[in-house]
1. So the check is Cβ under 6 Å with 6+ separation or different chains; which pairs have a first residue in the stretch 197-220 that's more than 16 Å from ALA242 (Cβ to Cβ) and part of a strand (DSSP E or B) and a second one that's near the ligand (Cβ under 10 Å from one of its atoms) and modelled with pLDDT under 95?
2. Do you know which of the residues in the stretch 124-144 that are within 10 Å of the chain's Cα centre (by Cα) and among the small types (Gly, Ala, Ser) is nearest to the ligand (Cβ to nearest atom)?
3. Among the residues in the stretch 267-289, are any among the polar types (S, T, N, Q) and within 9 Å of the ligand (Cβ to nearest atom)?
4. Mind counting the residues in the stretch 117-134 that are of a type in the set (Ser, Thr, Tyr) and over 14 Å from LEU345 (Cβ atoms)?
5. If I filter the stretch 105-126 down to residues being hydroxyl-bearing (Ser, Thr, Tyr) and in a strand (DSSP E or B), which single residue comes out as farthest from LYS42 (Cα to Cα)?
6. Which one is nearest to the ligand (Cβ to nearest atom) among residues in the stretch 166-181 that are farther than 22 Å from PRO285 by Cβ and in contact with a strand residue (DSSP E or B) (Cβ under 8 Å, 6 or more places away or on another chain)?
7. Being crowded, with 18+ Cβ neighbours inside 10 Å and at pLDDT below 85 narrows it down to one of ALA208, ALA235, ALA217, so name that one.
8. I'm trying to understand the selection: among the residues of the stretch 347-383, which are free of Cβ contacts under 8 Å to residues at least 40 places away in the same chain and touching a Ser or Thr at 6+ places or on another chain (Cβ under 7 Å)?
Amino acid sequence: MKIVIPREIAPDERRVALVPALTDRLIKMGFEVHLEAGAGEKAFFPDAAYQDAGAQIVSSVEDLYRDAKIVLKVRPPMLNKERNSHEIDLIPKSAVLIGFLETLRVPETAELLAKRGVTSFSMDTIPRISRAQSMDALSSQASAAGYKAVLIAAEVAHKFFPMLTTAAGTIPPAKVFVIGAGVAGLQAIATAHRLGATVEGFDIRPAAKGEVESLGAKFVQVELEEETEAEGGYAKEVTAEAERKEQEVIHQHVAAADVVITTAQVPGAKAPVLVNRGMVEAMKPGSVIVDLAVEQGGNCELSEPGVNVEHNGVTVIGRVNLPSALSVHSSQMYCRNLLALLGLLVKEGELNLNFEDEIVKGCCITHDGAVVHERTAELINKK
Ligand code: NAD
């Protein structure tokens, strides 16, 4: 069965869906592996390394896709402006596409895939259940983002993170405040703590307290009367009254922090705005905010995607696609997630799709010419 890995064409993307070290795993599963020439280059994986691992390198993208049964991608298929054609038009009808398809953000992609007759699975809709942990690509990539966010903050901040005792006096540790203690937030807390900062973590879910404290940070608590945790351990959207109480607490901690990292999100909803203009103005000049939720609308009122906003001496960073900046390890982790999903979709070298399986059902977007993913279909029907 032919499995293909095209070169990602999104200009800001450095990751690749297959790494040389894991190529033999696909071959052992019964696949013939074809990779577009240069697909791993931006992640520092040369064609020769894939070839040595048993993959065939293909220069023409038409030849690559011809007779492909499975296509592995990172980013959603998009219009190739250089060729003036859409990547979806290259995928053979009835082939399987797996990648971050982002159909909850751009449902039109699902419509195009259904029209083309492609069966597609999206890595951003894998259910967050224990059995699917090894396939949870949102988590592996969020972890990379949380780590990188702290390094970016450390680069921009004009202060040391650790406490230093020097002949020129003692320097106190930097204060880092992390808002949202999910996957990205916990990795940010761990990284800032390792760099020697004094770290505080905040989350609307009281259950996060233990995890924050186990990483050596102080948990900032807000007493709310309402339930803040939904099914599956995710946060719920809170009432305006709860948001007001939350903001009062956040205000004091933001004002005292040298670095604020925001990662709060509720699945399927716009990110809550938790750091407003007034809070940014209460921070010391020279402080830094990194808003990881910027692509979901932002947790900070002043953040903008892809821009460093300067306000009263505070830098508000809205860098997007941070996992791409750690292309080697992000690709490696993503590839492991894909292999785990393929383990569920392929039996003895043949596709074996069991739509009764919660994971298969949860991440299948299109099948048999229709959009089968409920939330994506709802968005299409609302249009
Ligand atoms: P997650 O669901 O694991 O964590 C989000 C956390 O936010 C949860 O713990 C939740 O309880 C908390 N939260 C929700 N509402 C809150 C509120 N009102 N107050 C306080 N906490 C609240 O998500 P994640 O995988 O860690 O991702 C976090 C964010 O980082 C997302 O917006 C994600 O898209 C983003 N991200 C950005 C990049 C990038 O490159 N910029 C890369 C990966 C992830």
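The values are calculated or read from the model by the stated rules, or taken from the named source; none is laboratory data. These numbers come from a predicted model, not from an experiment. Cβ: placed from backbone, ideal geometry, glycine included. Neighbour counts: every protein chain shown.
1. Partner pairs satisfying both residue conditions: none exist.
2. The selected residue is ALA142.
3. no
4. So the count comes out to 2.
5. Out of the qualifying residues, it is THR119.
6. Across the stretch 166-181, the extreme among qualifying residues is GLY180.
7. Every option except ALA235 fails the conditions.
8. Within the stretch 347-383, just VAL372 meets the criteria.
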